[in-house]
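Notes for the one structure printed next.
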Amino acid sequence: MPKFIQIFATRWGIIVVGALIGVFAQILQKLGNPSNMGVCVACFERDISGALGLHRAAVVQYMRPEIIGFVIGSLIAAYAFKEFRSRAGSAPIVRFILGVFAMIGGLVFLGCPWRAALRFAGGDGNAIFGLLGLIGGIWVGTLFLKSGYNLGRSQKTYVTVGWLLPLTMLGFLALMLIFPQMQGQDKSGVLFYSIKGPGSMHAPLLVSLVIGLIIGFLAQRSRFCTMGAIRDLILFRQTHLLSGFVALVVAAFITNLILGQFNPGFVKQPVAHTMSLWNFGGMVLSGLAFALAGGCPGRQLFLAGEGDGDAAVFVFGMIVGAGISHNFGLASSPDGVGPYGIPAVIIGLLVCLFIGFTMRKQVA
Amino acid sequence: MGVIVDAKGLSCPQPVILTVKEMDRLQKGEIEILVDTDTSKENVSRAATAKGWTLKNIEEDESGFRIIISKD
């Protein structure tokens, strides 16, 4: 066991995990997931929000099993290697708000850092602006971190606390099995489904779930984090996590070439728009929110799986944020940003700056 | 005995920031770092060795890990 632990904590370990995520994402796309969206944490949490009816955007409603797999896979890894530690109490309300705005920014760009990488690897030039925005937002976050910003200490707590998000995910899976998708129906029991659009495109449930479990397991072991990749480079000149993120892009690109899924260009890219400034701006907001919350949306799921109740609050923030995004017309579409997307990004940036400036204390 | 950095309950990247700050301040000697997750243990260890410090000992107990690093 100890040797196995070391393998994934090494540079080669994280490179292998990043590359596997890149390959799995393209396989999921080949098997039915939307284009350049084999795996997207923000998009899939948005689809879950739609499946639950928290928003009623008809084209993005599906209880994505990948997300359930990420949390449960991480939980299994954490228990297998005695790393499950139930903890909570580090500014949960702040993490919730950061989750809400991380999602709002992500849906202005149309993706999370994972999808930004996958879009780039699929030839979508608009993703370059998103990735630059992500780097910009994280850079601002590192300035706060350098000046003493932190969310305070968490406390060790009841095992129950760490189990609540995994149990919620198992509940979601149960709902999917009890109320399965029916051909041509947009509702099954309490769950909403999409008949057309990205929400209607998905790999078979079992495949999605199993790949999600594998990614969750491996990501828990390797601590894969796309925000941390950029943050650690800026803050400590460390390239450990970055090598995993780069491996994801390279592996996804090669797999796309092999599967014939590489289509370079800017216009008519799948589930994307060409408003560069707001592709950039949306991801500045997301990147800053992720940096202030200490992890990309994927990492928050993996942390929640190993008992971090604060990361779980961030996840719920993102799911609720998706509801707000679509109900208030903040989310973008292939036609461009939503009617209120731009003011929402500006408000989100102001909120993040407020949090960043006012939560600084040099820990002695 | 050197300095103690208590990074328990602090999330990523705080334990590393605090450790790096102490390493930069002291330049040499011994630092004891307290963390409560495996991720923090790995991150602190990686940051310390990258800066030329030696991992002297890592002890695990109920509340987490006690990492001791040193540099001559």
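The values are calculated or read from the model by the stated rules, or taken from the named source; none is laboratory data. Given the structure is predicted, the values throughout are model-derived calculations rather than measurements. Because the Cβ atoms are built from the backbone with ideal geometry, glycine has one as well, and the counts that use them run over all protein chains shown.
The residues listed here are B:I67, B:I31; of these, the one that is closer than 29 Å to A:A304 by Cβ, more than 12 Å from chain A (Cβ to nearest Cβ) and either modelled with pLDDT of 95 or more or surrounded by fewer than 22 Cβ atoms within 10 Å (Cβ to Cβ) (or both) is B:I67. For region A:162-179, give me each residue that is free of Cβ contacts under 8 Å to residues at least 24 places away in the same chain and within 21 Å of A:S200 (Cα to Cα). Within region A:162-179, A:A174, A:L177, A:I178, A:F179 meet the criteria. Taking A:R221 as the residue in question, decide whether it is within 13 Å of chain B (Cβ to nearest Cβ), out of contact with any Ser or Thr (no Cβ under 8 Å at 6 or more places or on another chain) and assigned to a helix (DSSP H, G or I). Judged against the criteria, A:R221 is a match.
For region A:200-207, state whether one or more residues are crowded, with 24+ Cβ neighbours inside 10 Å and touching a residue at least 24 places away in the same chain (Cβ under 8 Å). Yes, region A:200-207 has at least one match. Residue-level analysis places A:A322 among those that are touching a Lys or Arg at 6+ places or on another chain (Cβ under 6 Å), away from chain B (no Cβ under 14 Å) and not charged (D, E, K, R). Among residues that are closer than 23 Å to A:D124 by Cβ, of a type in the set (A, V, I, L, M, F, W, C) and either within 12 Å of another protein chain (Cβ to nearest Cβ) or not in a helix (DSSP H, G or I) (or both), A:V267 is included.
Exactly one residue out of A:G53, A:G32 is touching a strand residue (DSSP E or B) at 6+ places or on another chain (Cβ under 7 Å), outside any helix (DSSP H, G or I) and either surrounded by fewer than 24 Cβ atoms within 10 Å (Cβ to Cβ) or hydroxyl-bearing (S, T, Y) (or both), and it is A:G53. Of all residues in region B:51-68, exactly one satisfies the criterion of being more than 12 Å from B:D38 (Cα to Cα) and among the aromatic types (F, W, Y), namely B:W53.
Among the residues of region A:246-276, the ones that are in contact (Cβ under 8 Å) with a residue 12 or more places away in the chain and either of a type in the set (F, W, Y) or under 23 Å from A:V345 (Cβ atoms) (or both) come to 11 in all. Looking at A:I104, A:I48, can you tell me which residue is out of contact with any Cys (no Cβ under 7 Å at 6 or more places or on another chain) and more than 21 Å from A:H273 (Cα to Cα)? Answer to the check: A:I48. Scanning region B:38-62 for residues that are touching a strand residue (DSSP E or B) at 6+ places or on another chain (Cβ under 7 Å) and not aromatic (F, W, Y) returns B:K41, B:V44, B:S45, B:A48, B:T49, B:G52, B:T54, B:L55, B:K56, B:N57, B:I58, B:E59. Residues in region B:36-72 that are of a type outside the set (D, E, K, R), more than 8 Å from the chain's Cα centre (by Cα) and either farther than 17 Å from A:F236 by Cα or part of a loop (DSSP other than H, G, I, E, B) (or both): 11 in all.
Here region A:235-256 is the region considered, the condition is being within 14 Å of chain B (Cβ to nearest Cβ) and among the polar types (S, T, N, Q), and the residue that is surrounded by the fewest Cβ atoms within 10 Å (Cβ to Cβ) is A:T239.
Kindly evaluate A:I21 against the criterion of being among the β-branched types (V, I, T), at pLDDT 95 or above and farther than 20 Å from A:L191 by Cα. So A:I21 fits the description; yes.
Checked across region A:344-360, the condition of being within 14 Å of chain B (Cβ to nearest Cβ) and either surrounded by 15 or more Cβ atoms within 10 Å (Cβ to Cβ) or in contact with a helix residue (DSSP H, G or I) (Cβ under 9 Å, 6 or more places away or on another chain) (or both) holds for at least one residue. Which number in (1) surrounded by fewer than 19 Cβ atoms within 10 Å (Cβ to Cβ); (2) of a type outside the set (V, I, T); (3) out of contact with any Ser or Thr (no Cβ under 6 Å at 6 or more places or on another chain); (4) within 12 Å of chain B (Cβ to nearest Cβ) marks the one condition that A:L143 misses? Evaluating A:L143 over (1) surrounded by fewer than 19 Cβ atoms within 10 Å (Cβ to Cβ); (2) of a type outside the set (V, I, T); (3) out of contact with any Ser or Thr (no Cβ under 6 Å at 6 or more places or on another chain); (4) within 12 Å of chain B (Cβ to nearest Cβ) leaves (4) as the failure. Candidates A:A117, A:A121, A:A91, A:A127: the one that is in contact (Cβ under 8 Å) with a residue 12 or more places away in the chain and within 14 Å of A:M359 (Cα to Cα) is A:A91. For A:F8, state whether it is of a type in the set (F, W, Y) and buried (at least 24 other Cβ atoms within 10 Å of the Cβ). Taking the combined requirement at face value, the residue does not satisfy it. Screening A:F81, A:F70 for residues that are more than 12 Å from chain B (Cβ to nearest Cβ), in contact with a Phe, Trp or Tyr (Cβ under 9 Å, 6 or more places away or on another chain), touching a residue at least 60 places away in the same chain (Cβ under 8 Å) and aromatic (F, W, Y) leaves exactly one candidate, A:F70.
Taken together, the criteria place B:E60 among residues that are exposed (fewer than 14 other Cβ atoms within 10 Å of the Cβ), among the acidic types (D, E) and either within 10 Å of chain A (Cβ to nearest Cβ) or closer than 24 Å to A:S90 by Cβ (or both). State yes or no: is B:T19 more than 10 Å from every other protein chain (Cβ to nearest Cβ), touching a residue at least 24 places away in the same chain (Cβ under 8 Å) and among the polar types (S, T, N, Q)? Taking the combined requirement at face value, the residue satisfies it.
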